[in-house]
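Accompanying notes for the structure given below.
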Amino acid sequence: MEGVAEFNLVARKPCFGLPTACPTCLPVYLYLKFAHFPFHVAFNSLYPDSDQIPYVENGTYMAYNNENGGVIERLKEDGIVDLDSQVNSQPEWISTKAMISSWLADALLYELWLGSDGSSACKIYYSDLAWPIGKFLFLQQVRTVKQQLGITKDNSEWREEEIYGRANIAYKALSTRLGEHDFLFDNRPSSVDAFFLGHVFVTLQVLPETSVLRSKLIENGNLVRFADRVKIEFIEAGSSSSVPQFHSDPSSSTPRRVPSNWSKIFKLHLYLIFINWYLFDFFAIAKPVVLCLVAIVICSCFRSPGLKCQLGIMANYGSWFGCLLIINDWSSAKCMDFLKMP
Amino acid sequence: MGNPDEKPDPIISDYEIEEEEDDDEEDLEEEEDDDELEDDSDVAAPKVRGNREAEVRAAKAKMDNLFRRMRTGTVPLRVHNVIVKGNTKTKEQLIEAELEAIRNASSMQEIIEAASVANFRLRELECFDSVNITLDAGPPELPGTTNVIVEVVEAKRPFTGQIGTFTKGEAKSSTVEGSVKYRNLFGYGDIWDGTLAYGFDRSAEVSAGVYFPRFERLVTPVMARVSLLSQDWLKFSSYKERSLGLSLGLFSSTHHDLAYNFAWRTLTDPSQMSSMSIRRQLGHNLLSSLKYTFKFDKRNSTVRPTRGHAFVSTTQVSGLTPDSRSLRFLRQEFDLRYAVPFGFYHTALNFGVSSGVLVPLGRGFLSMSSSLPERFFLGGNLSPVCTLGGPSALWGFKTRGMGPTESRRQMRGNSNDENADPTGVDFLGGDLAVSAFADLSFDFPLKFFKEKGIHGHLFACAGNIAKLTENEYRNLSLPKFLESFRSSVGAGIVLPTNLFRLEVNYCYILKKFGHDNGKSGFQISISAP
């Protein structure tokens, strides 16, 4: 919208107790938090396979994830937020960032899509998409990850060992680097901390407890304590405006849940329609189908789910009862007459 | 008129009389033959020729008598049996379904009329190279009956191909299509086709479908189609649409059409220049909808209507899946046309009013955002006279050239993106659209133009789009809506062809707002009715 002064961070939906559970989006969120930069968070849960997300927008200004090295680099380049000005020339800073962006990123990618049953990934990326689409995109992403990590049937075992081994080395190195300091470099937050903590939060809270990667991370106590402290200080403190209270419930921005009765009622109608199809002519089912559709449309407009359910159930049962009373030939004939009208 | 109480003699009695006459003639001929045997043999050949001529004359007299009786009154005749020949692959029930009217006919006239209709319908199936319907005499023990013989020759070459320009109800503009068809694979008159189509609005479609004119107990045609559609709206609204879907034609008659659509639709922005409202819509959606169209068109022509009226109502309800995460909305369109002839120079005045509304379905629906591809957009190179089915066309305005807009992303420095609109805005469409037009068409006085159908027209049109969702309805009022109507007037020349209607117009924009993409000047529009 024109004239909006605030910055918006558009990320994937919050879940697992995180403001956004996507490993690509969370570092950007943390980076802006570290900078105490005022921003709002909006969610896009319809485009899980987009490399444009996360992005930051402010009016006609945009910083996409797939441009200029990412959102954080773009924000630094444009002089909006820069936490790395005093550390980015240090060789260790550069190599640490490279290690996090490659070894740890690959490990999390593997664990999220291939190392587990994929249920966590489905919840983050596909829970707001219709099932056929979500399922297809999930399978497509699994295939893409395998190609990206170079995993085949022949090398899957040693590749897994290599990935976990490198992650372990990285954890040990970072644990040594951190020690008992507040942050990894110069006791001040930088983008390296944002990337690393994004990885840590997802590993600790999204991956299941049986996860190998998670268990390796937990072995390094100071890293876990580092994450807990940052969570309390920067995330749960709510220092920025309009920060959503993250919890394990799905995003409230796209409420698509309906009472479970609706799916049961719909399935019941499907069964009855198919039975009617086989027993009677096509036009015998036209009237109950039309009445059912009208009932669904009307009832979806009501706010109260309880009232919606009751009205829906009454309307649907009423329509079926009415049609059972009607003789099949009479209803078919009437439908034919109706459809023959000029 | 003859005495209504007097029933016309049954045709069989004439046959009996004629048979008697023939018998007499035969007797006479026998006698003559006997006499001839006694005569010189040189005169035998002329006598045989004379017999043949007599038979021809008798048959001609019979037919003349029949036609005279058919002209003056009903000739009662029942159908005893219908015999179908020549169908080796085609199911007999498919052919017999078209012969019901023949079986029920009770007179010669009705039989002939029903036979001509059945012949036309059987040819329409595109399964036969030829169809012949013959009336033969019924069994002698059943007077007043006839046997109907339907002889079909099944198509030797089931494969056909064609290229043409079309405008479908779903399409936003005309398309050029090439298709390959295979006919009558299973003997139900089924037509299987594969089609490639390219639209003038930068759309491309690959589809395959099947059409059953009559399948088992179903009396209406059944159609199923799988399609992959790609539409490029980068220039106007900074997004591309790709849709993979299945559509089923559930019911289709002259006035009613019911279809089901199931599609996976994806909106993307490869240019990464879109405005915020467009960005919010990018992603995947599942569309499961029923679309009902009621169409009533009594105009004398769809290319140049000069008399009659038409009405179209289209209702689309989406969200028909157990999965609540699919796209849910209600879309309604109305279109009313009226043509009044003036009687000189083939002049006629066409009026038209179109309107449409789109509403998402669900809790708090007015605070939700409506689906972008379903919104209404006005403008383009279509002629409102030809385009029947909701508000879409408006003379003088470019494609998607009016309505709510939003600024696109601004890049630092000069943008080299050729898809970027120089105005830097995206057209967002609206949830409520109304358009109206008046078109006065007339012939030119020159005979050449009359023969070619080239005529002139003066026109005026107006239209408006408004947003209702995301609580914008609170800012909308009728006076405000009427005040913001865009309008244009103009004149032009119309060149109708068999395939499309070409207009060369000069449009003058009377009223436009903000970033509307319309300007006065010459404009060409091509519409396929």
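The values are calculated or read from the model by the stated rules, or taken from the named source; none is laboratory data. Bear in mind that the values here come from a model prediction, so they are computed numbers and not experimental data. Cβ atoms come from the backbone with ideal geometry, glycine included; neighbour counts cover every protein chain shown.
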Checked the range B:251-262 for anything more than 14 Å from the chain's Cα centre (by Cα) and either surrounded by fewer than 19 Cβ atoms within 10 Å (Cβ to Cβ) or over 24 Å from A:A130 (Cα atoms) (or both); matches are B:F251, B:L258, B:Y260, B:F262
Among the residues listed as B:A197, B:A208, the single one being in contact with a strand residue (DSSP E or B) (Cβ under 9 Å, 6 or more places away or on another chain), assigned to a strand (DSSP E or B) and crowded, with 19+ Cβ neighbours inside 10 Å = B:A197
Of all residues in the range B:471-509 being free of Cβ contacts under 8 Å to residues at least 24 places away in the same chain and part of a strand (DSSP E or B), the one that is nearest to B:V425 (Cα to Cα) = B:Y506
Kindly list the number of the only condition in (1) more than 14 Å from chain A (Cβ to nearest Cβ); (2) not in a strand (DSSP E or B) that fails for B:L320.
-> (1)
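Let's see how each residue does on (1) more than 14 Å from chain A (Cβ to nearest Cβ); (2) touching a Leu at 6+ places or on another chain (Cβ under 9 Å); (3) outside any strand (DSSP E or B):
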site	(1), (2), (3)
B:E333	yes, no, no
B:R337	yes, yes, no
B:F351	yes, yes, no
B:S355	yes, yes, no
B:G362	no, no, yes
With the condition kept exactly as written, say whether any residue in the range A:126-148 is in contact with a strand residue (DSSP E or B) (Cβ under 9 Å, 6 or more places away or on another chain), β-branched (V, I, T) and modelled with pLDDT of 90 or more.
-> yes
Scan the range A:178-205 and report the pairs whose first residue is assigned by TED's automatic domain parsing to the domain that holds A:G17 and whose second residue is assigned to a strand (DSSP E or B), with Cβ atoms within less than 7 Å and a gap of 6+ or a chain change.
-> A:V192/A:F185; A:F201/A:L18; A:Q205/A:L18
Output the number of the condition that A:P132 fails; it satisfies all remaining conditions of (1) in contact with a Gly (Cβ under 9 Å, 6 or more places away or on another chain); (2) surrounded by fewer than 18 Cβ atoms within 10 Å (Cβ to Cβ).
-> (1)
Enumeration of residues in the range A:46-73 that are facing chain B (nearest Cβ under 7 Å), hydrophobic (A, V, I, L, M, F, W, C) and closer than 28 Å to A:I94 by Cα | A:M62
The strands (runs of 3 or more DSSP E) lying wholly within the range B:212-300 that contain at least 1 residues that are facing chain A (nearest Cβ under 10 Å) and not β-branched (V, I, T) are B:240-252, B:256-268, B:283-297
Just one of (1) in a loop (DSSP other than H, G, I, E, B); (2) surrounded by 16 or more Cβ atoms within 10 Å (Cβ to Cβ) trips up B:I95, so point out which.
-> (1)
